[in-house]
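This report refers to the structure that appears directly beneath it.
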Amino acid sequence: MKKVLIITYYWPPSGGAGVQRWLKFTRYLPGFGWQPVVYAPENPEAPVDDHSLVKDVHQQVKVLKRRIWEPYGFYRRFLGMSPADRINAGFLSEKEKPRKKEGISVWIRGNLFIPDARRFWIRPSVRFLKQHLRKNPVDAIISSGPPHSMHLIAMKLRKQVDVPWIADFRDPWTDIDFYHQLRLTRRADRRHRSLEQAVLKGADRVVVIGETMAGRFGELAGIDPEVVPNGYDEADFTMVQDKTPAPGEDGSHTRAEGPSGTSPEPSHKSGAGPAAGDRFTILHVGAMNKDRNHPAFWNVLASLVSRHPEFARAVELRLIGKLDYSVTESIRAAGLEEITRLETYLPHDRIAGTLRSAALLYLPVNRTPNARMIQTGKIFEYMASGRPVVGTGPVDGDAAAILADAGAGKMLDFDDEQGLKEAILGYFTQFRAGSLPVTKPPVQYSRKNLAGRLAQILDDLAE
């Protein structure tokens, strides 16, 4: 088999959205004639750990790990955080931080650690990989970002070894949703944009997850990126059983109790779906930062609970994943504590059954300048579950187009309270009648088929 070196920051046992793309690609690439060699940090600053993902690592994948130094210890001490506190991606803060100190830390992050806090891993990684490839040659190199320091490792390595390089962007660089919050000086902004141009023009191929991002990179660098979206793994949804434990059973998640001190247990099992008479569970899986905290959603739920007794008796809002403190404040302000169940994290091998146990899946898109290009990785697993999806975001964005193409649900504008209310009530009516729609996910988004598309790009590049 041909070999491909994959440089990535996220790898099991790290959990969260960042690890899924390349964990799943490497699971299927050997079937298309490519043996992956993964290079990842031994001690990354991952937002969560998920040891259930280790079993998804294909036996033919060779994994190289090296220690990394990151400045997060200083960050924790500066903000008065515990050494055990995890650093979340983006700008998600589970607790409100001192505003002045947080502002200073953001300025340092954006202006001194360019392109990101993993920059100190670039030089030692290039040195190590150059030596490794002399004895263990590969046919292609792939870097996955963010963090974009992974691209700089590949770019510098490409200049020293005659091996074609693919830069894979799971998210954009200067168009990422929080870029405008980094408090950049003009000099720092120019540096970020200069490095972005160097990567886009220096890579032999650029791969992105969506059409809008591809168009934007084409405008920025005059290139024609390949689009290979995220997807769903059919194996995760085949013969799945609901493995959702009771709260506190394995310590993987906790429940935020309402004023009564209790929360209803889930009554659904995976398979055919929830039946009439069960809880009408509205489920969101994944992190919810302040940019995904849309007032319209809470306003609509509060209104439905207060004005529709049947809905109030049946509804349960289940949020699995880390929440920005603004989200918990919104739940409290809307008076929704009684119907809300919060769980900090669920191992990925329990996600498929949990999605199928819900009646309705909620998909908020970041309300940021780049909102049209945001898909969120969860959209594909949402679709694979067969459960209807209701989203709040740009109705002309990539996520809306994917939902419409699959017939998997509805995307409503951020502020469209009337449309959102009608959609939720419509699904509730179908739920009560036992006629909720069950959709089949488009096969083009299966991880196996997407790995085949990626293998074709590799084949063309390695010829």
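The values are calculated or read from the model by the stated rules, or taken from the named source; none is laboratory data. Note that this is a predicted model, so its numbers are computed, not measured. Don't worry about glycine lacking a Cβ; one is built from the backbone with ideal geometry, like all the others, and counts go over all protein chains shown.
Of the conditions (1) farther than 23 Å from residue 325 by Cα; (2) in contact (Cβ under 8 Å) with a residue 12 or more places away in the chain; (3) in contact with a Gly (Cβ under 9 Å, 6 or more places away or on another chain), residue 425 satisfies every one except a single condition; which number is it? Only one criterion in (1) farther than 23 Å from residue 325 by Cα; (2) in contact (Cβ under 8 Å) with a residue 12 or more places away in the chain; (3) in contact with a Gly (Cβ under 9 Å, 6 or more places away or on another chain) is unmet by residue 425, namely (3).
Take the stretch 173-189 and flag every residue that is among the acidic types (Asp, Glu) and either surrounded by fewer than 16 Cβ atoms within 10 Å (Cβ to Cβ) or at pLDDT 90 or above (or both).
From the stretch 173-189, those among the acidic types (Asp, Glu) are 175, 177, 189; that's our starting set.
Listed by number, the residues that qualify are 175, 189.
Those strands (runs of 3 or more DSSP E) of the stretch 140-222 in which at least 1 residues are of a type in the set (D, E, K, R) and within 20 Å of residue 377 (Cα to Cα), considering only elements entirely within it, cover 165-169. For the stretch 426-448, the set of residues classified as exposed (fewer than 14 other Cβ atoms within 10 Å of the Cβ), at negative phi and either part of a helix (DSSP H, G or I) or of a type outside the set (S, T, N, Q) (or both) consists of 426, 429, 433, 437, 438, 440, 443, 444, listed by residue number.
Among residues of the stretch 91-114 being over 18 Å from residue 324 (Cα atoms) and not in a helix (DSSP H, G or I), the one that is modelled with the lowest pLDDT is 113.
Mind listing just one residue for me: the one in the stretch 20-52 that is polar (S, T, N, Q) and at pLDDT below 95 and, of those, farthest from residue 125 (Cα to Cα)?
Step one: of the stretch 20-52, the residues polar (S, T, N, Q) are 20, 26, 35, 43, 52.
Those left that are additionally at pLDDT below 95: 20, 43, 52.
Numbers: 20: 23, 43: 14, 52: 28 Å.
The qualifying residue farthest from residue 125 (Cα to Cα) is 52.
For residue 463, indicate whether it is under 30 Å from residue 3 (Cβ atoms), touching an Asp or Glu at 6+ places or on another chain (Cβ under 9 Å) and either free of Cβ contacts under 8 Å to residues at least 24 places away in the same chain or crowded, with 21+ Cβ neighbours inside 10 Å (or both). Here the answer is no, as residue 463 does not meet what is asked.
For the stretch 355-388, residues that are of a type outside the set (Gly, Ala, Ser) and either under 14 Å from the mean Cα position of the chain (by Cα) or on the phi > 0 side of the Ramachandran plot (or both) total 13. What do you reckon, is residue 316 assigned to a helix (DSSP H, G or I) and of a type outside the set (S, T, N, Q)? When the stated conditions are applied, residue 316 does not pass them.
The condition (being surrounded by fewer than 18 Cβ atoms within 10 Å (Cβ to Cβ) and not assigned by TED's automatic domain parsing to the domain that holds residue 24) is satisfied by just one residue among 316, 310: 310.
Just to verify a result, which residue in the stretch 391-405, among those that are outside any loop (DSSP other than H, G, I, E, B) and surrounded by fewer than 16 Cβ atoms within 10 Å (Cβ to Cβ), is modelled with the lowest pLDDT? Among those that are outside any loop (DSSP other than H, G, I, E, B) and surrounded by fewer than 16 Cβ atoms within 10 Å (Cβ to Cβ), it is 405. Among the residues of the stretch 215-228, is there at least one that is farther than 20 Å from residue 38 by Cβ, in contact (Cβ under 8 Å) with a residue 12 or more places away in the chain, out of contact with any strand residue (DSSP E or B) (no Cβ under 7 Å at 6 or more places or on another chain) and of a type in the set (A, V, I, L, M, F, W, C)? Yes: the stretch 215-228 contains one or more residues that are farther than 20 Å from residue 38 by Cβ, in contact (Cβ under 8 Å) with a residue 12 or more places away in the chain, out of contact with any strand residue (DSSP E or B) (no Cβ under 7 Å at 6 or more places or on another chain) and of a type in the set (A, V, I, L, M, F, W, C). Scanning the stretch 118-132 for residues that are at pLDDT below 95, touching a helix residue (DSSP H, G or I) at 6+ places or on another chain (Cβ under 7 Å) and surrounded by 21 or more Cβ atoms within 10 Å (Cβ to Cβ) turns up at least one hit.
Within the stretch 406-420, can one find any residue that is surrounded by fewer than 15 Cβ atoms within 10 Å (Cβ to Cβ), closer than 17 Å to residue 283 by Cβ and either in the same structural domain as residue 23 (by TED's automatic domain parsing) or touching a residue at least 60 places away in the same chain (Cβ under 8 Å) (or both)? Reasoning before the result, please.
Step one: of the stretch 406-420, the residues surrounded by fewer than 15 Cβ atoms within 10 Å (Cβ to Cβ) are 407, 415, 418.
Okay, now just the ones that are also closer than 17 Å to residue 283 by Cβ, so none.
Within the stretch 406-420, not a single residue is surrounded by fewer than 15 Cβ atoms within 10 Å (Cβ to Cβ), closer than 17 Å to residue 283 by Cβ and either in the same structural domain as residue 23 (by TED's automatic domain parsing) or touching a residue at least 60 places away in the same chain (Cβ under 8 Å) (or both).
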